[in-house]
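I have placed the structure first, in the form of structure tokens, so that the comments after it can refer back to it.
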Amino acid sequence: YYILDVRNCKEWSGGHVQGAHHHELVKVAGAVESVPLEKPVVVVCHSGNRASIVASLLAKRKGAKVYNMRGGMQEWLLAGYPVVTT
């Protein structure tokens, strides 16, 4: 999976999924074309709202397999999954 985190820089620095790629929502429009589609893309934000916007943009690209991580990082942390900080 290609994990695309669209949260702001402060949220990203506070903890993110290991191996994730960061493109803030406000800057993602220019980066949408650069997201590789060879593997499924999982878009993540804090709760899922911003990720749904980006997921819908990516889904318009031919052959894209895109998923919105329901509950976002909020649910990830509640489940006790690990994060990396920068």
Take region 25-53 and flag every residue that is open to solvent by less than 50 Å² (accessible area, probe 1.4 Å) and either among the acidic types (D, E) or assigned to a helix (DSSP H, G or I) (or both).
V28, A31, V32, A51
Out of all the residues in region 54-71, is one or more open to solvent by less than 70 Å² (accessible area, probe 1.4 Å) and among the aromatic types (F, W, Y)?
no
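The values are calculated or read from the model by the stated rules, or taken from the named source; none is laboratory data. Bear in mind the structure is a predicted one, so any value in this text is a computation, not a measurement. These area figures cover heavy atoms from the full protein model, side chains too; ligands, DNA and RNA do not enter into them. Shrake-Rupley method; radii C 1.70, N 1.55, O 1.52, S 1.80 Å.
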